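**Student:** Mind having a look at this structure? Questions to follow.
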Amino acid sequence: MAVESVVSQDGKKLTIKVKGRFDFGKHQEFRNAYEHKPARPDSVVVDLKEATYLDSSALGMLLLLRDHAGGDESDVRVVNASSDVRKILAISNFDKLFDIS
Amino acid sequence: MNQVCADVEALSVLIAEDGAADRLLLATIVRKQGHQVLTAENGEQAVALFAERRPHVVLLDAMMPVMDGFEAARQIKALAGEALVPIIFLTSLSEEQALVRCLEAGGDDFLAKPYSPVILAAKIKAMDRLRRLQATVLEQRDQIARHHNHLLNEQRVAKAVFDQVAHAGCLSAPNIRYLQSPYALFNGDLLLAAYTPAGDMHVLLGDFTGHGLPAAVGAMPLAEVFYGMTAKGYGLAETLREMNAKLKRILPVDMFCCALLLNLSFQRRVVEVWNGGMPDGYLLPASGGEPQPLVSRHLPLGILAPEQFDDTTEVLPLALGERLFLLSDGVVDTSDENDQLFGVERLRRVLAANRQPALLFEEVLQALDGFRGRSRDDVSLLDIEVVEPQLSSPLPVIYSDSGQSSPLDWSLQFEFRAETLKRFNPLPYLQQLLQEIHGLRAQGGALHSVLTELYSNALEHGVLGLDSALKRDARSFASYYQMRNERLQALSAGFIRVHLRVEPLGQGGRLIIEVEDSGKGFNVSKVLARPVSEQGLCGRGLNLVRRLSRRAEWADEGRRACVEFAWEAQA
């Protein structure tokens, strides 16, 4: 699986790990990772440790996730981004919407 | 024939065999398997029968009189064209060479004598599977080709419509060079340019998320807003807010548009920049030296709600011969076989090495080719040179009415107070109003420039009390505009009054514009007495106003500007 999702024991935190190229090919898998969950988690962590590349459709997917998690009230963090991936996030100024570390 | 019983579907099988006994034996076996049989005694008969009846499978004896099986196989395959008509050679030959000849002549399989009914049945079945597979592949190929043609045609029509909209602007101005793939629209790339009524140039290089039709659909409304608002004299901030709100409203959540917008004023030699999500553009100095990046400081268009949208722009001074170089992410994101990106550093080296501006695009493309062997098809490049204002004159505006209803004798006064000055730009409304004066239309550009100049002087130096000396050198330029934003946000008192008076004069008429502000005023004679060379970036405004209008005076210690335009009788 190129996209893995884990819900914490208390059900409050959803962690989504993306591996390899994060582009349109992962669209369905990424949506499946957070849609149709029994309860909406309080926070979502997107772990990009093993993501090698990220394109603009991946940015769109992050926006969909943010929208699903409550839009402006959501708590979505993007963690472990490589420097290349971080550059792409920075050009689009996604740090204004997501907590990126 | 029903697809469900495809397994036992009766085929028509041609049997060509010169031996009557063998022919009868084979025909009996094949018929027993439920197939229809055609028989031929030699190759020539077999070819003729094939041409007439088009059987599904052919059994061919290799050695026959008149025409042997090899030649018959070649002719049958030629007649069959793209469809697969399996040929099974019947042979008593056993040496390898002969069997190879069977296959080379177009045979798909062979069956050795004596004939085994079981093996023959199995082979016919296997050949039928192949035949069907080939038929399916051909059908799907044709279907794909049809869809593809259909799609290309749709794209062609969509592009033709879009080109009418997109190229309504001034991309063909002599100081603009651009490079874009003809179907860039379907990569989501968008390039727009248009003159404002005051002769400034608005430019947009945008990139929608994704590819294909979804990437293209947002382009039309974006272009409409861009051209509509630019033509009406709205500034970058208002246009940006409107574009963002429109895209936010119509696009799905995961779609947005990265964009870099410029407002180039060749008159005042400044450029206003807003970059949301595009790669750095560059301000290239006229004589080599370090390119100045135009960095993305905002989220792309179509993501933030209107009340959260940030329309803050940066203002940079321009000098003659300097150039603005913009590019799409297709350049820096081009990757080699190892997924290494071309990147910003390589691009900057190309920019630094460039000696002849005219060759810059070629040099960038060469560097991309050298890096990867093949550049992406979504590379957009744009190069705008800073020229004297008259070289980039606005296209004439075509008015639809005859001018009979033009008002000739009136006056109006507006007073814009602090809360309004903070968030509202009254210039487009004033300009719209003044366009009704037909006699002034020939001077429209000058009128707009003067009005813009008077208003920004009243706001910046008058109401906000900013010292124009701050703009004297390029370094303090940025802090000037930062201070302007801060003071405007904090503004709680002050006003700008605009008084317009139109009256008949001889056979024509005249317009008198008075702009008054609540500021401290300035020493008019001292500023106007400065030689042009010393006025640098700050004094240009007043000179511009004097040059473009018929008469320009300052009263009340510089707090009130009075400017006159006049026109002759209308033809």
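**Student:** Only one of (1) more than 11 Å from chain A (Cβ to nearest Cβ); (2) in a loop (DSSP other than H, G, I, E, B); (3) not aliphatic (A, V, I, L, M) is not met by residue B:297, so which one is it?
**Tutor:** Failed condition: (1).
**Student:** For the subset of the stretch B:273-294 comprising residues that are polar (S, T, N, Q) and more than 14 Å from chain A (Cβ to nearest Cβ), which member is farthest from residue B:332 (Cα to Cα)?
**Tutor:** Initial filter on the stretch B:273-294 (polar (S, T, N, Q)): B:275, B:287, B:292.
From what is left, the residues that are more than 14 Å from chain A (Cβ to nearest Cβ) are B:287, B:292.
On the way: B:287: 25, B:292: 17 Å.
Only one residue tops the list, namely B:287.
**Student:** Given the options B:173, B:145, B:193, name the one that is at negative phi and assigned to a helix (DSSP H, G or I). Before you say what the answer is, go through the steps one by one.
**Tutor:** On the way: B:173 fails: assigned to a helix (DSSP H, G or I); B:193 fails: assigned to a helix (DSSP H, G or I).
Selected residue: B:145, the only one of B:173, B:145, B:193 that is at negative phi and assigned to a helix (DSSP H, G or I).
**Student:** Working carefully through the options B:498, B:515, find the one that is in contact with a helix residue (DSSP H, G or I) (Cβ under 6 Å, 6 or more places away or on another chain), buried (at least 17 other Cβ atoms within 10 Å of the Cβ) and on the phi < 0 side of the Ramachandran plot.
**Tutor:** Working: B:498 fails: in contact with a helix residue (DSSP H, G or I) (Cβ under 6 Å, 6 or more places away or on another chain).
Answer to the selection: B:515.
**Student:** Test of understanding: among B:118, B:157, B:165, B:161, which residue is of a type in the set (A, V, I, L, M) and under 13 Å from the mean Cα position of the chain (by Cα)?
**Tutor:** Numbers: B:118 fails: under 13 Å from the mean Cα position of the chain (by Cα); B:157 fails: under 13 Å from the mean Cα position of the chain (by Cα); B:161 fails: under 13 Å from the mean Cα position of the chain (by Cα).
Just a single option satisfies the conditions, and that option is B:165.
**Student:** Right, here's the next one. Looking only at the stretch B:132-154, how many residues end up being under 20 Å from residue B:81 (Cα atoms) and either in contact with a His (Cβ under 8 Å, 6 or more places away or on another chain) or surrounded by 12 or more Cβ atoms within 10 Å (Cβ to Cβ) (or both)?
**Tutor:** Residues flagged as under 20 Å from residue B:81 (Cα atoms) and either in contact with a His (Cβ under 8 Å, 6 or more places away or on another chain) or surrounded by 12 or more Cβ atoms within 10 Å (Cβ to Cβ) (or both) within the stretch B:132-154 amount to 5.
**Student:** Just the residues that are on the phi > 0 side of the Ramachandran plot and surrounded by fewer than 16 Cβ atoms within 10 Å (Cβ to Cβ), please, taken from the stretch B:289-304. Let's see the steps before the verdict.
**Tutor:** Of the residues in the stretch B:289-304, the ones on the phi > 0 side of the Ramachandran plot are B:289, B:302.
Scanning the stretch B:289-304 gives a single hit, B:289.
**Student:** Now for a different question. For residues that are at pLDDT 90 or above, within 11 Å of chain B (Cβ to nearest Cβ) and not in a helix (DSSP H, G or I), tally how many sit in the stretch A:54-97.
**Tutor:** Qualifying residue count for the region: 3.
**Student:** Any residue in the stretch B:124-141 that is in contact with a Gly (Cβ under 9 Å, 6 or more places away or on another chain) and either closer than 30 Å to residue B:382 by Cα or of a type in the set (D, E, K, R) (or both)? First the steps, then the outcome.
**Tutor:** Within the stretch B:124-141, the subset in contact with a Gly (Cβ under 9 Å, 6 or more places away or on another chain) is none.
Looking for residues that are in contact with a Gly (Cβ under 9 Å, 6 or more places away or on another chain) and either closer than 30 Å to residue B:382 by Cα or of a type in the set (D, E, K, R) (or both), one finds none in the stretch B:124-141, hence no.
**Student:** Taking the condition of being more than 14 Å from chain A (Cβ to nearest Cβ) and in contact (Cβ under 8 Å) with a residue 24 or more places away in the chain, how many residues in the stretch B:249-272 meet it?
**Tutor:** Filtering the stretch B:249-272 down to residues more than 14 Å from chain A (Cβ to nearest Cβ) leaves B:249-250, B:261-272.
Next cut, in contact (Cβ under 8 Å) with a residue 24 or more places away in the chain only: B:250, B:261-272.
Number of matching residues: 13.
This table checks each residue for (1) in a loop (DSSP other than H, G, I, E, B); (2) away from every other protein chain (no Cβ under 14 Å); (3) in contact with a Pro (Cβ under 8 Å, 6 or more places away or on another chain).
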site: A:5; (1), (2), (3): no, yes, no
site: A:14; (1), (2), (3): no, yes, yes
site: A:27; (1), (2), (3): no, no, no
site: A:46; (1), (2), (3): no, yes, no
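**Student:** Now for a different question. Quick check on the stretch B:214-248: of everything there that is within 14 Å of chain A (Cβ to nearest Cβ) and either buried (at least 20 other Cβ atoms within 10 Å of the Cβ) or in contact with a helix residue (DSSP H, G or I) (Cβ under 8 Å, 6 or more places away or on another chain) (or both), which residue is modelled with the lowest pLDDT?
**Tutor:** Top of the filtered list is B:215.
**Student:** Out of the residues in the stretch B:462-482 meeting the condition of being part of a helix (DSSP H, G or I) and modelled with pLDDT of 90 or more, tell me which one is surrounded by the most Cβ atoms within 10 Å (Cβ to Cβ). Give the steps one after another, and end with the answer.
**Tutor:** First pass over the stretch B:462-482, keeping only residues part of a helix (DSSP H, G or I): B:462-463, B:468-471, B:474-482.
With modelled with pLDDT of 90 or more added as a condition, the list becomes B:462-463.
Details: B:462: 26, B:463: 22.
My answer is B:462.
**Student:** When you check residue B:343 against the structure, is it surrounded by 22 or more Cβ atoms within 10 Å (Cβ to Cβ), in the same structural domain as residue B:185 (by TED's automatic domain parsing) and on the phi > 0 side of the Ramachandran plot, yes or no?
**Tutor:** Details: surrounded by 22 or more Cβ atoms within 10 Å (Cβ to Cβ): no; in the same structural domain as residue B:185 (by TED's automatic domain parsing): yes; on the phi > 0 side of the Ramachandran plot: yes.
It is false that residue B:343 is surrounded by 22 or more Cβ atoms within 10 Å (Cβ to Cβ), in the same structural domain as residue B:185 (by TED's automatic domain parsing) and on the phi > 0 side of the Ramachandran plot.
The values are calculated or read from the model by the stated rules, or taken from the named source; none is laboratory data. The structure presented is a predicted model; accordingly, all values stated were derived computationally and were not measured. Virtual Cβ from ideal backbone geometry, glycine too; neighbours counted across all protein chains shown.
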